[in-house]
Amino acid sequence: MNISAFQEERRQKKRGLFLVFEGTDGSGSTTQAQLLHDALRKEGARVWQTYEPTNGPIGNIIRLAMSHRLKISDDKRVEDRELAYLFAADRYDHLFNSTDGIVPKLREGWNVVSTRYYLSSLAYHASNDADLEFLASLNREFPPADLTFFLQCPVDVCLNRIQKTRLVLEKYENEAKLNLVRNNYEKILKDYPHPLHLVDASQDPATQH
């Protein structure tokens, strides 16, 4: 889909709003997305909540890999690249599939609230600037969210929350990885050209703003 056409549809109010929550694991993105979904529904808006990786065919493969139930490769670089391609394929399906794709929902007048979108791929799969360039090219054709909420939260707070709520830690839920992810987010968001709202996510979820 042409990105400028997507933005023009919103300008002419021919579609709903696409709202995305981003942040490191444990920052509370799922909780905040649910709170926004519930608040908008209470006001009478048509709202559809979703997330990445999805529960679609490709998303389920990713979830198996993230939970250590599916081994992709012994080579970490190969595994990271393959996961990056899988996330991009899952995202394409998430946007455009005819059953519950984001773009069809928006065109039907639904407001879509998603936990994670393409900024997560850049933050989680990059180890250096070359990786960021590769990932940006892989996700370049995906339309931006109308508004992205980035949840700012110290890594130690995120890890404490994760350890309290997870029986098994996923692939990226460790201090070294989350520090890298947070640094990547800061680098990406410094020049992010689309609407962005920063949220202090170190507080109780009900008081975040």
Margin query: For the structure I just gave you, tell me whether ARG11 is closer than 18 Å to HIS194 by Cβ, among the basic types (Lys, Arg) and exposed (fewer than 15 other Cβ atoms within 10 Å of the Cβ).
Written below: yes
Check: Do you know which residues across region 135-147 are in contact with a Pro (Cβ under 9 Å, 6 or more places away or on another chain) and surrounded by 22 or more Cβ atoms within 10 Å (Cβ to Cβ)?
Finding: ALA145
Note to self: Filter region 110-139 down to the residues that are at pLDDT below 95 and in a loop (DSSP other than H, G, I, E, B) and list them by number.
What the structure shows: ALA126, SER127, ASN128
Notebook entry, point to check: Being touching an Asp or Glu at 6+ places or on another chain (Cβ under 7 Å) and farther than 28 Å from PRO195 by Cβ, is that true of even one residue in region 139-157?
Noted result: no
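Quick grid of which residues meet (1) under 15 Å from PHE142 (Cβ atoms); (2) free of Cβ contacts under 8 Å to residues at least 40 places away in the same chain; (3) more than 14 Å from the chain's Cα centre (by Cα); (4) part of a helix (DSSP H, G or I):
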residue	(1), (2), (3), (4)
SER4	yes, yes, yes, yes
GLY16	no, no, yes, no
SER27	no, no, no, no
GLN32	no, no, no, yes
LEU36	no, no, yes, yes
LEU70	no, yes, yes, no
ASP80	no, no, yes, yes
ARG91	yes, no, no, yes
SER98	no, yes, yes, no
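Kindly indicate which of GLU108, GLU141 is out of contact with any helix residue (DSSP H, G or I) (no Cβ under 9 Å at 6 or more places or on another chain) and closer than 24 Å to LYS14 by Cβ.
GLU108
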Margin query: Let me confirm something: among GLY28, GLY23, which residue is under 26 Å from GLN7 (Cα atoms), small (Gly, Ala, Ser) and buried (at least 21 other Cβ atoms within 10 Å of the Cβ)?
Written below: GLY23
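The values are calculated or read from the model by the stated rules, or taken from the named source; none is laboratory data. Keep in mind that this is a model prediction, so the values were computed, not measured. Heads up, the Cβs are rebuilt from the backbone with ideal geometry, glycines too, and the neighbour counts pull from every protein chain shown.
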